[in-house]
Each structure stands twice: as structure tokens, then as C-alpha cells.
Amino acid sequence: MIESTELPLVIAGPMLRKCDSENFTLWLITREPLVNPQLQLIVNEQVRLFSEPELQLNHIPLGAHAHQYLLQVHQPNLLLAGTQVKYQLLEKQGESVFTSIDKLVYPEHSSPHFVHKPNIKQLLHGSCRNPHHPSGDGLVRAEQQLAASLNTDNQPSLLMLSGDQVYIDDIAGPMLWAIAQVVEKLGLIEETFPKAPITSSRELCYRASSLYQRDSQLLPQAEYLTELHLFKWRRKHEIFTSRLSHNHLVSLGEMIAYYLLIWSPELWKCIEVPQQLEGLSPKHQAQWQKEWRALQTFQHGLTSVRRLLAHIPTYMIFDDHDVTDDWNLSARWEQAAYEHPFSKQIIGNALVAYALFQGLGNAPEKLASIQKQLSSFFTKPTPETHQNIIQTVLRFEGWHYELATSPKVIVLDTRTRRWRSENSLAKPSGLMDWEALMEFQDQLIDQEKVIIVSAAPIFGVKLIEAIQRMATFCGLSLLVDAENWMAHRGAAMCLLNMFAHRRTPKEFVILSGDVHYSFAYDVKHRCDHFDAHIYQICSSGIKNQFPEKLLPVFDKLNGWLYGHYSPLNWFTKRKRMSLRGRRPNGHRSKRLVNNSGIGLVTLNENGAPNKIAVLHSDDSITEFKPPRDTYWD
């Protein structure tokens, strides 16, 4: 372990999290505990200083040289709508903790700042950010957009990240090499493993002979039934189903290090990753070099990413890769994963890491009990307290949240409250169970307009959903990620009925990700007396893409088979809904866009979008134009 003085004071952050009229929330990680910190807020040139107990520190010691703070001030009328808020974190003799951070603030500004805009006229959104994917980083493009609008009225209200902010199950070889160094340098938490090939995290091997081998050498398997319609047979399956799980993260310390490396450039300056690694096979050597080049480009954009996250309130929700591929896809998968102690601990570790780096900042008041238990666990970790915190996060059902904005933003948990199939445990579960859907409906009642965040699109590409249904019929649901809102009849019917309820909103904007391509649909009920307008907007991925040769084929076939006037639509669960695909840049037949970037949505006063676009990482822009005959204008 290196001396703490060799590390920067601020290892990651600052990141703006929940900020509304009554809350200011700031996340960061430092190399050592802060001494009597004070938060300085400047609103309309009025300077206010907050220290304990007004300032809640929410300190969690993640390691010897890693201390997480979720700084929060909660007061009535704390922030005024439309005002610029400048902030600083002061320590000791009034010195700013942020002074040593390179390029954190914008030119002509002395401190990081944001504009509190509870009336949402514009927002940024996206999902699926894989560091070693060869495309550019959409968060860098988001920072460019924010910088361009910094002194105008067009500054976005918030950044919404709708899933797969990390890929716990898909780690590049050079990234795993870097993670190992960070774990050691920061003195991150160690743990023991039950019923595993290794007994503790100290035995995790990072030599060339073990890279790209975790799926075969380390990850557990389970024996359970496979079903092919009328036939069933028993065989051994890999619990962790990702095809790219060769370097799947295992320990909590690894996952903490990974989060730090994808959000901040600081630790990359303190470690060394070789361009070539001796001892790899020729195949893995070529893979290493390809991943190394992609990660070099990724690192260069992290300064911009950190500046973005310091200047716009950011909210997040998980999807499967934040934990592992196909997480809770079916009841059969759940049985295999949670009945094996080792796989349960890996999944629990990923959910603990999500809570630390994503969940706590979304709704600190809802996760206060988890925050307290996490602080206690990291202060004095033991195998028993480790299992206790894993049990807590696995049983927790409060990951969903809403924002007090106009329109109201409702963020759905589509992963931990699944509606299991009544026909077969091997079939995909509904994305939300009955109780969760009823809670969701209560949130919608008597709202005029609303923004819904669902990781998986509610109205997806029907051809791909049909292929997934056929694969499920053949017992291959895990192979094709056969989970979508229409895969479970009960969940689908319950959800679709909400859009026709007389007391639910007139304007629905649905933000989604997950699928690694982007599209936008205008949706309306076919019956004239249901007048709700629905806009399904998908922006994916931030740094990921669908196979380039395959998507145009799906796009064209979907248009032929399930176009607006196709009679095949009457054989689908959403037959009562009329879907019109928006045209990217006015293209006559194309509907799906396969280019990394960040979504941009601009709203009218009534909550309907007047601009839907994706700002691509290559500086191009795709704007989704309304259908030629917009049938409700």
C-alpha cells in the first residue's frame, strides 16, 4: 500500500445528486477523512455556510485511503427556482477542498455551480456506458452540450442515467489489471467467500494466466431444469450468463475500485497499465491491446465527465449489468443464483456497490437505514456483518423514487420486484409485480403530465420482442435476454390499462435505454375517447452499440411486418395502442439509430416533447422528427 500523500485529496467527485427546493446533495470520495468540513452555497450572491449538524456528512470509510461522503443539507426553501447556485467545500482554514482538481470549473467561474430548474424544459438522458467499447463516450458529448448552454436559458435541468452505468459482468483485461492496483493502493475492503474455489479476496489472481479465465476457473455453476415447451431436462448451467463474463468482478473491493476508475481521472494517474502483457495467449494478447487502446481514449474524456457531473444534478437507476447480465430474468435464474452462497455474495456485493455509488444519492431519505448500516459495516467489517448487509440490500424494495419536478419524474425499479411467471419458472418474469404496479399507478393519479423512467422500453421494437418470444418457447430465454414489458401477460395488461385510466396523465414521456440503439415512438390509444399522448423515447448507449450489420436488418423487417398499418399488430398484446415511429433526421423508412451518444429532450409547457434528439459522441446529431401525419395534432 502506498503512502496516502501520494494520492490526490479528492479521488472522485464532486458529483451533484438530489438537488431540489429543500435538498442539496453532493457526493465525493477523499483519500482521508475531512476535518470539520463546511459547505458553502452562494445563491443570488448570498453566501451561506453549513456545518454539522445542519450539514449531514454521511461518511463511509471504504478503505484506508478511500472515504465516501454524501453531503446533504435539508431545509425548507433552500434553493429557489431559476437561480444559479455556486458551491464550495471548505476545510481547515477555509481552504477549498476542490482547489487541486484540474479543470473542474469553467472559465470565468471561480467555483462549480448549477441552475436549479424544477420546471423541466430540457433534460439529458442515456444508458449503457461500457468503458472498453470502441465508440466514443456520450458523457463527454453531454459535457460539451452543457458547456455550450452554460450561460443561457437552455441549460438542462438534470441528467438521468437509466441503467447499465457500469458493466460488472464485462470487464476488460487492462481494466481488471488497473482495478487490482487500485484495491491495493487504497487499502479497500477484504472479504471471505463461502463455497468458492478461493477462500478470500486476497487469493484473487491477476496474473496473465488467470485473466479472461474467471468464467471457467472461478464463477459457480448450478444444476437446474431447462425447458423446451413440452420437454424438460436437467443440466449444469453457468449462473452468470453473460457471454463476456471472462473477467466478471467478484469482490466488493474490486467493484468499488471499478466505480472510481470510470468516474474520475485521478486514479489513472497513479497506476500503470502496460500496452502488452507477457504470458497471454495470442488471442488474448490481441484482445488486451484492443481493449487497452479503447481505455486510453476513455481516460482522456474523464476530466470532462467529472466536470459534467459537478455541474448538473444526476439521477440513476440500475439495470442488469449494474449487477450481472440477466439479473432476476426468471424465477429459475433466481433460484440458481441465490441458493448458491458464492453467487449470492457476488450479486450482493454488486448491489452494495450500487447503493454506495448510485442509489444513496437518488433519495437519501429513503435509504437512510441502508446508509447507516453501510457506515457501521465498513467501519468494522466482519464476515457476519458482510452477510447482513448483503441480506439487507437483496431484500430492500425501495430503490424506485420520484422527483418533485414539473412534470413529475417517476423512476421505476424493474429488477428487484419481479412478477414471476405462473406457467413456468423458466419463463421471463414480469418487470414489476402487481403490488409495485399498483404503487406506480397511485403515483400517476391526478397528474396532468409525467416523465417515466423505465430501463427497458415499455414500447419496444416488436420484431425483436417476437424473436425473444420464440426463443422463450424453445427454452432459450437467457440466450436472447428475453425480458421486455410484453413478455409477461399479467404485467403487460396491467401496465397498458394504466394509460387508459381516466385519472392518469394526458401526457406521458417514457425515457428508456438498455437495448444499445435509439428510437422514438408516438403512441396513442386507438379508441378516440382515450386522449392520453404517450412518447416512448429510447437513448442507448452512452458508450455501447448494437451489432452494426444486424440492426438495419431488424429495422427494415420490423417496418415491413409491424408497421403502423400492418394487420400483425392485432395479434400483439399492445393491439389497442397505435404506434408511430419517429423519423431520424426525417429519414423516410429508417427508425432505429445505432450510434453512441446522449439523449436530449425538450418539453413544451404541457409536458409534450417538442424536440427529441441524440447528441452522438462523434459530434453528429440525430433528431427524431414527428410522423408525417401526426394524428392528434
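The values are calculated or read from the model by the stated rules, or taken from the named source; none is laboratory data. Not measured: the values here are computed from a predicted model. Neighbour counts are summed over all protein chains in view; Cβ atoms, including those assigned to glycine, are modelled from backbone coordinates with ideal geometry. These area figures cover heavy atoms from the full protein model, side chains too; ligands, DNA and RNA do not enter into them. Shrake-Rupley method; radii C 1.70, N 1.55, O 1.52, S 1.80 Å.
Observations
Listed here are the residues, each with its yes/no results for (1) of a type in the set (Asp, Glu); (2) within 30 Å of residue 117 (Cβ to Cβ); (3) not in a strand (DSSP E or B).
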residue: 384; (1), (2), (3): yes, no, yes
residue: 410; (1), (2), (3): no, yes, no
residue: 417; (1), (2), (3): no, no, yes
residue: 421; (1), (2), (3): no, no, yes
residue: 432; (1), (2), (3): no, yes, yes
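- Failed item, numbered, when residue 92 is tested on (1) modelled with pLDDT under 95; (2) surrounded by 21 or more Cβ atoms within 10 Å (Cβ to Cβ): (2)
- Residue 445 under 25 Å from residue 401 (Cβ atoms) and surrounded by 17 or more Cβ atoms within 10 Å (Cβ to Cβ): no
- Meets criteria (part of a helix (DSSP H, G or I), at pLDDT 90 or above, in contact with a Pro (Cβ under 9 Å, 6 or more places away or on another chain) and not β-branched (Val, Ile, Thr)) for residue 283: no
- Identity of the residue in segment 434-454, touching a Lys or Arg at 6+ places or on another chain (Cβ under 8 Å) and not in a helix (DSSP H, G or I), that ends up nearest to residue 487 (Cα to Cα): 451
- Test: residue in segment 553-562 that is within 22 Å of residue 481 (Cβ to Cβ), open to solvent by less than 50 Å² (accessible area, probe 1.4 Å) and among the aliphatic types (A, V, I, L, M): no
- For segment 370-380, a residue qualifies if it is open to solvent by 80 Å² or more (accessible area, probe 1.4 Å) and part of a helix (DSSP H, G or I), and the qualifying residues are 372, 379.
- Filter result for residue 487 (touching a Ser or Thr at 6+ places or on another chain (Cβ under 8 Å) and at pLDDT below 90): yes
- Checked against (1) β-branched (Val, Ile, Thr); (2) at pLDDT 80 or above; (3) more than 22 Å from residue 415 (Cβ to Cβ), residue 467 passes all but condition (2).
- Taken together, 131, 156, 107 contain a single residue that is part of a loop (DSSP other than H, G, I, E, B), farther than 30 Å from residue 288 by Cα and open to solvent by less than 10 Å² (accessible area, probe 1.4 Å), which is 156.
- Those strands (runs of 3 or more DSSP E) lying entirely in segment 16-104 with at least 1 residues basic (Lys, Arg) and over 20 Å from residue 405 (Cβ atoms): 46-50, 84-91
- Just one residue in the set 326, 319 is within 21 Å of residue 260 (Cα to Cα) and acidic (Asp, Glu); that residue is 319.
- Scan segment 570-580 for residues that are in contact with a strand residue (DSSP E or B) (Cβ under 8 Å, 6 or more places away or on another chain) and open to solvent by 20 Å² or more (accessible area, probe 1.4 Å) and the total you get is 3.
- Meets criteria (open to solvent by 10 Å² or more (accessible area, probe 1.4 Å) and over 23 Å from residue 269 (Cα atoms)) for residue 190: yes
- Near pairs, Cβ below 6 angstrom, 6+ apart or cross-chain, from segment 362-391 (free of Cβ contacts under 8 Å to residues at least 60 places away in the same chain) to any residue that is in a loop (DSSP other than H, G, I, E, B) and open to solvent by less than 20 Å² (accessible area, probe 1.4 Å): 366/398
- Residue ID - nearest to residue 245 (Cα to Cα), chosen from residues in segment 344-354 that are among the small types (Gly, Ala, Ser) and crowded, with 22+ Cβ neighbours inside 10 Å: 350
- Among (1) more than 23 Å from the chain's Cα centre (by Cα); (2) crowded, with 24+ Cβ neighbours inside 10 Å; (3) at pLDDT 85 or above, the one test that residue 472 misses: (3)
- Each residue in segment 584-606 was checked for being of a type outside the set (Ser, Thr, Tyr) and either at pLDDT below 95 or open to solvent by 40 Å² or more (accessible area, probe 1.4 Å) (or both), and 9 pass.
- Scanning segment 320-338 for residues being surrounded by fewer than 23 Cβ atoms within 10 Å (Cβ to Cβ) and among the charged types (D, E, K, R) gives a total of 2.
- Residue list for segment 569-589, filter: without any contact (Cβ under 8 Å) to a residue 24 or more places away in the chain and of a type outside the set (D, E, K, R): 570, 571, 587
- Selection of segment 304-343 for residues being in a helix (DSSP H, G or I) and of a type in the set (A, V, I, L, M, F, W, C) yields 305, 308, 309, 331, 333, 336, 337, 342.
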